[in-house]
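Undergrad: The structure's right below; bear with me while I get my questions together.
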Amino acid sequence: MIQQIERQFVRSTRPLYGHLVTLFESAIASGELPSGSQLPPERELANRLQISRTTVVSAYRELESKGLLRGYVGRGTFVCAAPEPSGTPFAWRGKIASAALRSNDSTLRDAIRHASDTRVLSLAAGEPAIDCFPTEAFQRATVQSIARDGLACWRHGPTEGQPALREAIAERFRVPADSVLILAGAQQGLDLLARCLIDPGDAVIIDRPGYLGAIQSFRAAGAKLIGWDVLHADVDELEDLLVRYRPKLIYTNPTFQNPTGVTMPIRTRRELLKLAERYRVPIVEDGTYRELYFSEAPPPSLHDLDTQNLVIHLNSFSKVLAPGLRLGWLSATPSIVDQIAIIKQRLDPHTQNLVQFAMARLLRDGSFDQHLKTLRAEHARRCTQMIAAVHKHVPPGAVRFARPQGGLYLWCRLAAGASARTLLEQALANGVAFVPGHAFYPDPAGESELRLCFSSVTPASIDDALKKLALALDSTRTIAHRTVVTLA
């Protein structure tokens, strides 16, 4: 991109520094110089443009004052933001902390926005069959909670969570009550764990592909992300990564994994735990999908198999009840729970009390387990229906996938040369959304992959959603063909 600025730079334009500022502003605004790009040192750029160093210094300072660049002693000058809209009185973007600039991927927010847009058939956000939500049972549990625990519902609550819910989780999931920390969703748990365990520069081994929220949380903490191929789950490869990078922790989603839907075999789970014990590396196990099997229950969790207190188990009610509840939990050794609670109190003094009391009742009176039976059957039906719709509307060979045995997703690969990001643009124009595969990788990959959530759309809409996706795929292939013909 600097070469393009060299070509566009006209030394007869006055003032020279203003001309240079305009060229950089244009490149940053267009995305040709994205946030994080390093600019040449002042003296080097001055020599390349055959102008004085003072002119380059003046241009850099002007761009810094506008919040577009930031200079670091000993490191250089970097793009830190896009230009503010015209007329903005203060360049706030230039004041953003460097740590915050590590988190500029909006994929998760976009998926949630599409899910809440009634004009879009969203196959993007990971949601269970919301129309199966046990409304009557939840309403009854809420009324009972207000009647019997009214004052406690409205007061401040313990940061660790209401004892009633911690004990109900302990009983249902067979964990000690003092090892349970209540969360405002599993995503909060990931953020807290990253804050608690990760220093900038620490290596973290993570599923590849893996949950994009985990990628974002660990990256925001300054971690160096190392991908472990989750589809092959080769423990020899994992041991090589452990020896080479000496990671601070391993993050894995071993059951009906997001996004692939695969489940780690029991033998691999035991070998993973042996490696973690040998190299003294803790494991963060994301278990948010393990209750969502269609027929056959999955192998025991890593947390259940762990005998060395190496595993922190993260779970959520969002994927089995409704994301609007914003309720999750983690289980870890009590000393870690206490440390995470201290961090949590700064961000969220306590999780909403009423929903905690209601959830405790659903767990204890059997409503939760009855709901799971309904949900499993419905998800299996929707998965089958979506696969049938793919076969009906999409040409053979255009999309490949493996049928999952649980979870929420179909992990799809497009035919060679096809771009999921290009397909998404066409799909959104047709009124259907999904998540392109590149978002699930800690490195550049996944361009031809995409994730479809089969549970988030009602059965009456699945066929329509896949029909629209197939039309978008056909449009994308037509555009690509025309481009090839034009280039030829």
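Undergrad: Taking only Cα atoms, what is the 0 to 90° angle, nearest 10, from helix 16-29's long axis to the longest principal axis of the chain?
TA: Approximately 30 degrees, to the nearest ten.
Undergrad: So, one more: Put 367, 335 in order of accessible area, largest first, 1.4 Å probe: what do you get?
TA: On the way: 367 20, 335 80 Å².
Per-residue accessible area, sorted high to low, gives 335, 367.
Undergrad: In nm, to one decimal, how far is the residue 268 label point from the residue 224 one, both placed 7 Å along Cα→Cβ?
TA: Here the modelled spin labels are 2.6 nm apart.
Undergrad: A further question on this structure: Run through all the Cα pairs of the stretch 250-391 and give the fraction in each 10 Å bin from 0, expressed as whole percent.
TA: Histogram of Cα-Cα distances, whole percents per bin: 10, 33, 34, 19, 3, 0.
Undergrad: Here's another thing I want to ask about it. So between residue 333 and residue 73, what do we pick up on full extension, going 0.36 nm a residue minus the alpha carbon distance?
TA: Values: separation 260, 0.36 × 260 = 93.60 nm, distance 4.15 nm.
Extending this stretch completely gives an extra 89.5 nm.
Undergrad: Amide H of residue 185: which non-local residues (sequence gap of 5 or more, or other chain) have their own amide H closer than 5 Å, using H built in the peptide plane?
TA: 327, 328
Undergrad: Residue-wise, which Karplus ³J(HN,Hα) couplings in Hz belong to the stretch 168-183, taking 6.51 cos²θ - 1.76 cosθ + 1.60, θ = phi - 60°, and x for glycine or proline?
TA: After applying 6.51 cos²θ - 1.76 cosθ + 1.60, I find 5, 5, 4, 6, 6, 9, 6, 10, x, 4, 6, 9, 9, 10, 7, 10 Hz.
Undergrad: In square angstrom, rounded to the nearest 10, how much accessible surface does residue 467 have for a 1.4 Å probe?
TA: 90
Undergrad: Turning to a different aspect of this structure: Give the carbon-plus-sulfur fraction of the accessible surface of the chain in %, rounded to a whole number; probe 1.4 Å, heavy atoms of protein chains only. It would help to have the intermediate numbers written out before the result.
TA: Numbers: 11630 of 22630 Å².
Carbon plus sulfur share of accessible area: 51 percent.
Undergrad: Related question: Could you tell me the calculated FRET efficiency between residue 348 and residue 112, based on Cβ-Cβ distance and R0 = 22 angstrom, to the nearest 0.05?
TA: Details: r = 19 Å, r/R0 = 0.85.
It comes to 0.75.
Undergrad: For helix 353-364, what angle does its Cα long axis make with the longest principal axis of the chain, in degrees from 0 to 90 and rounded to 10?
TA: 50
Undergrad: Here's another thing I want to ask about it. Need the list of lysines near residue 66 for cross-linking: C-alpha distance under 20 angstrom, and skip anything on the same chain fewer than eight residues off.
TA: 95
Undergrad: Please list, in chain and number order, the residues 5+ apart from residue 224 or on another chain whose amide H is under 5 Å from its amide H, with Hs placed from the backbone.
TA: 201, 202, 203, 204
Undergrad: Now for a separate question. On full extension of the chain, what length is gained from residue 402 through residue 385, given 0.36 nm per residue of separation minus the C-alpha to C-alpha distance? Let's see the in-between values first.
TA: Working: separation 17, 0.36 × 17 = 6.12 nm, distance 1.44 nm.
Contour length minus Cα-Cα distance gives 4.7 nm.
Undergrad: When only C-alpha pairs under 8 Å and at least 6 residues apart count, what is the relative contact order of the chain, in percent? Please list the in-between numbers first.
TA: On the way: 840 pairs, mean separation 87.3, N = 488.
Worked out over the chain, it gives 18 percent.
Undergrad: Another question about this same structure. Out of residues 5 or more away from residue 69 or on other chains, whose amide H comes under 5 Å of its own, with H placed 1.01 Å from N in the peptide plane?
TA: Under 5 Å from the amide H of residue 69: 64, 80.
Undergrad: Dipole of the chain, Cα-centred, from +1 at each Lys and Arg C-beta and -1 at each Asp and Glu C-beta, to the nearest 20 debye? Can you show the working numbers first?
TA: Values: 56 positive and 49 negative charges, 166 e Å.
Rounded to the nearest 20 debye, it is 800 debye.
Undergrad: When the Karplus curve 6.51 cos²θ - 1.76 cosθ + 1.60 is applied with θ = phi - 60°, which whole-Hz ³J(HN,Hα) does each residue of the stretch 465-473 get, with x for Gly and Pro?
TA: Result, rounded to whole Hz: 4, 6, 5, 5, 5, 5, 4, 5, 5.
Undergrad: Grab the beta carbon distance between residue 416 and residue 365, set R0 = 41 Å, and tell me the FRET efficiency rounded to 0.05. Write down the numbers at each step before the final one.
TA: Values: r = 53 Å, r/R0 = 1.29.
The computed FRET efficiency comes out at 0.20.
Undergrad: Where the convex hull is taken over the Cα atoms of the stretch 159-316, what is its projected area averaged over directions, in nm²? Let's see the in-between values first.
TA: Numbers: hull surface 36.0 nm².
With the hull built on Cα positions only, its mean projection is 9.0 nm².
Undergrad: Continuing with the same structure: Hey, how many Å between the Cα centroid of the stretch 124-175 and the Cα centroid of the stretch 457-478?
TA: 37
Undergrad: List the pairs from 224/274; 319/344; 344/373 whose alpha-carbon separation is above 27 Å, in the order I gave them.
TA: Exceeds cut-off: 344/373.
Undergrad: Taking the Cα atoms of the stretch 380-441, what is the range of coordinates along each of the three principal axes, in descending order and whole Å?
TA: 29, 27, 25
Undergrad: Rounded to two decimals, what ratio of Rg to Rh does the stretch 182-221 give with C-alpha atoms and a Kirkwood Rh?
TA: Details: Rg = 10.0 Å, Rh = 10.5 Å.
So for the stretch 182-221, dividing Rg by the Kirkwood Rh gives 0.96.
Undergrad: I've got another one for you. Return one number: the angle in degrees, 0 to 90 and rounded to the nearest 10, between the long axis of the Cα atoms of helix 235-245 and the longest principal axis of the Cα atoms of the chain.
TA: 50
Undergrad: Per 0.36 nm of contour for each residue apart, how much would the distance between residue 474 and residue 295 grow if the chain were fully extended, relative to their Cα-Cα spacing?
TA: 60.9 nm
Undergrad: For the stretch 230-271 and the stretch 1-47, what is the centre-to-centre distance using only Cα atoms, to the nearest Å?
TA: Measuring centre to centre over Cα atoms gives 44 Å.
Undergrad: In addition: Determine the per residue accessible area of the chain with all protein chains present and a 1.4 angstrom probe, expressed in square angstrom. Please report the intermediate quantities before stating the final value.
TA: Values: 22630 Å² over 488 residues.
It amounts to 46 Å² per residue over the chain.
Undergrad: Give a residue-ordered list of calculated ³J(HN,Hα) values for the stretch 35-40 (Karplus: 6.51 cos²θ - 1.76 cosθ + 1.60, θ = phi - 60°; whole Hz; x for Gly, Pro).
TA: Once rounded to whole Hz, the list reads 4, x, 5, 8, 8, x.
Undergrad: Using alpha-carbon positions, what is the distance between the centroids of the stretch 193-213 and the stretch 368-394, in Å?
TA: Answer, in whole Å: 32.
The values are calculated or read from the model by the stated rules, or taken from the named source; none is laboratory data. Since this is a predicted model, take the numbers as computed values, not measurements. Methodologically, a virtual Cβ is constructed for each residue, glycine included, from the backbone with ideal geometry; neighbour enumeration extends over all protein chains shown. Each accessible area value is taken on the protein alone, full model and side chains, heavy atoms only, with ligands, DNA and RNA left out. Shrake-Rupley method; radii C 1.70, N 1.55, O 1.52, S 1.80 Å.
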